[in-house]
């Protein structure tokens, strides 16, 4: 037998021996009684590992990558007191007026979005938000505290808005493995609305859901 062949045979023998050694070390046992009496036992153990990926989901308004816009549109309830009930655009338009102040109100209906959250994190999820007010060319003078938010449960025990108004946003938590959903309605009280100037302002809000 030449040298190369001897090396191949020896290598095969080593591999086979290693394989037998590995089999001996595996989880296996036997029971035996030469007299045929029993019982005897044999055990083998197996570990089953359960691995579940972590996920959290958040949706505010429409699904997608473009944020919805909720408009708080002011108007005048009853129009001009003692005069035109529905004012129209224009200048120098004739009307009667009884000398009392018009009543301001929000005419946007609904000024709301539906929010959803879900996670399978063992501790559930945490929701918070950051609001930034950008004044328009002509600002109304509104403040974040004057924009109020109420939550109405839709499913899964609801997803409370993180704060009663946009000026005092605070963390809220939600439980795992259930879609939590609420309708968030935005509002400005009649008292606060009556003190605002004509104009336009924008508030950008970023909500963040984090696993716990």
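Every read-out reported here was derived from the displayed coordinates using simple, explicitly stated rules and does not represent laboratory data. Owing to the predicted nature of the structure, the values given are computational and were not obtained by experimental measurement. Heads up, the Cβs are rebuilt from the backbone with ideal geometry, glycines too, and the neighbour counts pull from every protein chain shown.
Annotations
- Counting other Cβ atoms within 10 Å as a rough exposure proxy, the listed residues 68, 89, 128 run 89, 68, 128 from fewest neighbours to most.
- Considering only 135, 34, 170, the Gaussian network model of the chain with Cα springs below 10 Å gives its largest mean-square fluctuation to 34.
- Cα-based shape type of the chain, given that a ≥ b ≥ c are square roots of the gyration tensor eigenvalues and the cut on a/c is 1.5: prolate
- Principal-axis tilt of helix 3-25 within the chain, Cα atoms, nearest 10 degrees: 70 degrees
- Among 150, 86, 105: highest mean-square fluctuation, GNM of the chain, C-alpha pairs under 10 Å: 86
- Gyration tensor verdict on the stretch 83-178 (Cα atoms; rounded if a/c is under 1.5, prolate if a/b is larger than b/c, oblate otherwise): prolate
- Here 180, 45, 59 are placed in order of increasing Cβ neighbour count within 10 Å, fewest first, which gives 45, 59, 180.
- GNM result for the chain, Cα springs below 10 Å: residue of 42, 94, 190 fluctuating most strongly: 42
- Extension gain (nm, one decimal) between residue 152 and residue 139, 0.36 nm per residue minus Cα-Cα: 1.6 nm
- Quick note on the stretch 125-199: its Rg to Rh ratio, both from C-alpha atoms and Rh being the Kirkwood radius, is 1.08.
- Cα shape, the stretch 25-70, gyration tensor, a/c 1.5 rule: prolate
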